[in-house]
There are 2 protein chains.
Amino acid sequence: MGPGKADLLEAIDRVGSISAGAREMGMSYKRAWDLVDTMNRCFKQPLVATATGGSHGGGAHVTEFGHDVLRRYRAMECKANDCVSAELHELISLLSPFGED
Amino acid sequence: MGPGKADLLEAIDRVGSISAGAREMGMSYKRAWDLVDTMNRCFKQPLVATATGGSHGGGAHVTEFGHDVLRRYRAMECKANDCVSAELHELISLLSPFGED
DNA sequence: GATCGCTACATTTAATGAAATATAACGAAG
DNA sequence: CTTCGTTATATTTCATTAAATGTAGCGATC
């Protein structure tokens, strides 16, 4: 679980399908599907439930469990960020302004 | 910068060369050298200084700047860890006991 | 000659992208 | 009422590409 998967989860929750979520995030459908598959297999219960077929071809939605994980993750991310914000910026100030080059 | 690079930095500091540090960490010399190279290029100043040739063929040591970065990184890691420890364990308890499978 | 830093090349592995297939609700004929 | 085509998606397969890794050798110094 990281910021990328969390963003994808939110996108899927917003638009109602993996493919539309992928488009919104500018990634390939396969990449999005792989991320969803990884999340669903990593946790005890699926975070995303999917349906194939139907008038709109199918769709996906974030489960109650998925919302719970997402909420916990975002809370943790935020808390950790606040907690070391000062130290982090000090460390970043030691980085080269040119990146790796 | 992550736990792996920090560990490598400490190993190099302990044993005095990239190759011995790599052996100690169970990685190839090339991998260790690449990590050191990345660190040296990412920061404003090198974290590791090297010498080729000499009585023992050369060696490497962590610079004063490198020690500073390492100390800051470890402090931050520890603080962030403590800060979200409870939440992190709650989240981990939601993971499948079988990993991705 | 020994040991190490460093580099270039080959190889193996992982990520990516594109394309083919499967699915099921829906509506329009018939 | 039944069949069929349409539709937008999920899912899988396969080829391609990029990245990581391993191998082998060179130059340096004591």
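The values are calculated or read from the model by the stated rules, or taken from the named source; none is laboratory data. Treat the numbers as computed from the prediction; the structure is a model and nothing was measured. Neighbour counts run over all protein chains shown; Cβ positions are idealised from the backbone, glycine included. To get the accessible areas, we keep the full protein, side chains included, count just its heavy atoms, and leave off ligands, DNA and RNA. Shrake-Rupley method; radii C 1.70, N 1.55, O 1.52, S 1.80 Å.
Computed from protein heavy atoms with a 1.4 Å probe, the total accessible area buried between B and A is close to 2600 Å².
I'd like the mean, over residues of B:82-91, of how many other protein chain beta carbons sit within 10 Å of each residue's own Cβ.
On the way: counts 1, 7, 8, 0, 1, 7, 3, 0, 2, 8.
Taking all residues of B:82-91 together, the mean is 4.
Based on C-alpha pairs under 8 angstrom that are at least 6 apart in sequence, segment A:43-101 has a relative contact order of 23 percent.
Percent of accessible area on chain B owned by carbon and sulfur, 1.4 Å probe?
55
Accessible surface computed residue by residue for segment B:3-92, with neighbouring protein chains in place and a 1.4 Å probe, gives 56 Å² per residue. In segment B:1-77, Cα pairs under 8 Å separated by at least six residues give a relative contact order of 28 percent. Since only B:GLY57, B:GLY2, B:HIS67 are under comparison, the one whose Cα sits farthest along the positive direction of the charge dipole of chain B, derived from C-beta charges on Lys, Arg, Asp and Glu, is B:GLY57.
Of the listed pairs A:LYS79/B:LYS44; A:LYS30/A:LYS79; B:LYS5/B:LYS79; A:LYS30/B:LYS30, which have alpha-carbon separations greater than 26 Å here? Provide the component values of the computation, followed by the final result.
Details: A:LYS79/B:LYS44 29 Å; A:LYS30/A:LYS79 32 Å; B:LYS5/B:LYS79 18 Å; A:LYS30/B:LYS30 33 Å.
Table pairs above 26 Å Cα-Cα are A:LYS79/B:LYS44; A:LYS30/A:LYS79; A:LYS30/B:LYS30.
Only the Cβ atoms of Lys and Arg (+1) and of Asp and Glu (-1) were treated as charged; on that basis the dipole of chain B about its Cα centre amounts to roughly 500 debye. Shape summary: segment A:3-92 maps onto an equivalent ellipsoid whose semi-axes, from the alpha-carbon gyration tensor, are 29, 15, 10 Å in decreasing order.
Per-residue mean of foreign Cβ neighbours for B:34-40 is 1 (Cβ atoms of other chains, 10 Å radius).
Taking the Cα centre of the protein assembly as shown as origin and charging only Cβ (+1 Lys, Arg; -1 Asp, Glu), how large is the dipole, in debye to the nearest 20? Present the calculation step by step, with values, prior to reporting the outcome.
Values: 22 positive and 28 negative charges, 56 e Å.
Approximately 260 debye in magnitude.
Overall, segment B:58-101 carries a charge dipole of about 300 debye about its Cα centre when +1 sits on the Cβ of Lys and Arg and -1 on the Cβ of Asp and Glu, all other atoms neutral. Between B:CYS78 and B:THR52, the simple label model (points 7 Å from Cα in the Cβ direction) yields a spacing of 3.8 nm. The Cα-based radius of gyration and maximum Cα-Cα distance (Dmax) for the protein assembly as shown are 21.7, 76 Å.
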